[in-house]
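Note sheet for the following structure.
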Amino acid sequence: MSESVVLTLTKARIERGECTLERYIAEALSLPQSMVNVLAEEEDCATIIVFPENDDTSLDADAIARKLNGAIQRGEAEAWAAGQDATCEIADDEESVSIEEEEALEMWREMTEETRTGHLDKVANPDGIMIQPTNEAKCDTTTTDNVASPTESQLKRDPTLLEYDNVKRVDVSQIHSISWKEPIIITNAIQDDNFANRGMLDKHRLASIHGEVEVRTGNRETLIDNGITNSKPMPLSEALFIPKSGDESSLGCGRIVFSPVKELPDEFADEVKQFTACFPCCTESPMKKFTLTLASEGFGIGIHKHKAAMFMLLAGQKKWYMSSSKDLDGDTETHPGFYREKSSHKCIQQQGEVLFVPNDWYHEIFNLEYTAGIQALPE
């Protein structure tokens, strides 16, 4: 479960809309808008949910309520509260409220597209043009024209797409020799018996066996910033774009499945867990948060960074672009240069390999074909 703070706000300006309220309240708390969710209730009341930035962050419900009430009393809350008699209180008089996973999932399902992505800042598309992230896009920005395939278009941005690879590979038996200071690919981490079962993640099998399973989806732009919250629910068969005609050309529109393994039904999760058990131990914090990722030819999640992570590829090939924060922080014109000179490490990950990305390293992925894999993050 995720530890969040839940507050109730009376005399909220609900007529402004939930997304607008989220923006103003996040500003009052000096937090990213992605960490605040507002649900308008009856009359002029609203529920405010503040999410922790990550699993290592704890929230002080009293401090949050005091900060919002202070803004109200100082007359600094006109944009989100109607008058100084508005009040913000901790829900159920608890210091913090732990939202059960099923309740959190139901809230996520009921989000409007405006709530999911309306607060997101514009991001650079692969060609460097600033665009507004949205789940409503019919097709991802993987091509520069209506003829070229995603790979053909990416070759124009990165002529070395299919060749250049400067990331060191280390056999899992030599894992003790790794410094973990730069990207590394670990080979032979998956036992033969498990690797032989990778066909379970074939897209046609998944659509046939688990097609009705609800998964989280997004695209290159929407998944950059807190992708789990911004994701959109969808049946797996629809998310995989399996066409009735068998026309493979309809599979390359850029939709990405990005679902925590713990949210999958037991039968489906058990198929995936045989692979999660194969992740090698890389740091003092074992990898325990696993996310299933499925994508067609084209871009994966756009340029972003987070805690140290591993990615196990079980189907297809991925081109990775990576650079340390010290080399890229402050750069406002990252694309399309990140596919060439602005990424220090590039690799073509093959199925069966596990890639380690160090803490706070920027990275972006291009899928050379349909890919299936698992992301692993520390608990």
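The values are calculated or read from the model by the stated rules, or taken from the named source; none is laboratory data. Computed from a prediction, not measured in an experiment: that's the story for all the values here. Cβ: placed from backbone, ideal geometry, glycine included. Neighbour counts: every protein chain shown. Just the protein is used for accessible areas: all its heavy atoms, side chains included, with ligands, DNA and RNA removed. Shrake-Rupley method; radii C 1.70, N 1.55, O 1.52, S 1.80 Å.
Below is a table of values for the structure above.
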| item | result |
| --- | --- |
| Nonlocal amide H pairs with V167, under 5 Å, H built at 1.01 Å | K346 |
| Accessible-area value, C45, 1.4 Å probe, nucleic acids and ligands omitted, Å² | 50 |
| Longest exposed-site-free window of the chain, the sites being trypsin sites (Lys or Arg not before Pro) in a DSSP loop that have at most 13 other C-beta atoms within 10 Å | 245-379 |
| Accessible heavy-atom area order of M130, M312, highest first, probe of 1.4 Å | M130, M312 |
| Gained length - L31 relative to E182, 0.36 nm times residue gap less alpha-carbon distance | 51.3 nm |
| Nearest-ten-degree value, helix 61-73 long axis tilted from longest Cα axis of the chain | 50 |
| Sites H306 and S58 - FRET efficiency at Förster radius 22 Å, r taken between beta-carbons, to 0.05 | 0.75 |
| Helix axis angle, 18-29 relative to the chain longest principal axis, alpha carbon, degrees | 80 |
| Cα gyration tensor, the range 276-379 - rounded (a/c under 1.5), prolate or oblate | oblate |
| Contour minus Cα-Cα distance for K156 and D327 (0.36 nm per residue) | 59.2 nm |
| Solvent exposure, largest accessible area first (probe 1.4 Å, DNA, RNA and ligands not counted), of E113, E221, E76, E212 | E212, E76, E113, E221 |
| Cα-based helix-to-principal-axis angle, 101-110 vs the chain, degrees rounded to 10 | 90 |
| Average accessible area per residue (Å²) across the chain - probe 1.4 Å, nucleic acids and ligands excluded | 46 |
| Pairwise label distance in nanometres, D270 with N194, each label 7 Å out on the Cα-Cβ vector | 1.7 |
| Contact order normalised by residue count of the chain, Cα under 8 Å, 6+ apart, percent | 16 |
| Spin-label pair M130/E89, simplified geometry with 7 Å Cα→Cβ offset, distance in nm | 4.3 |
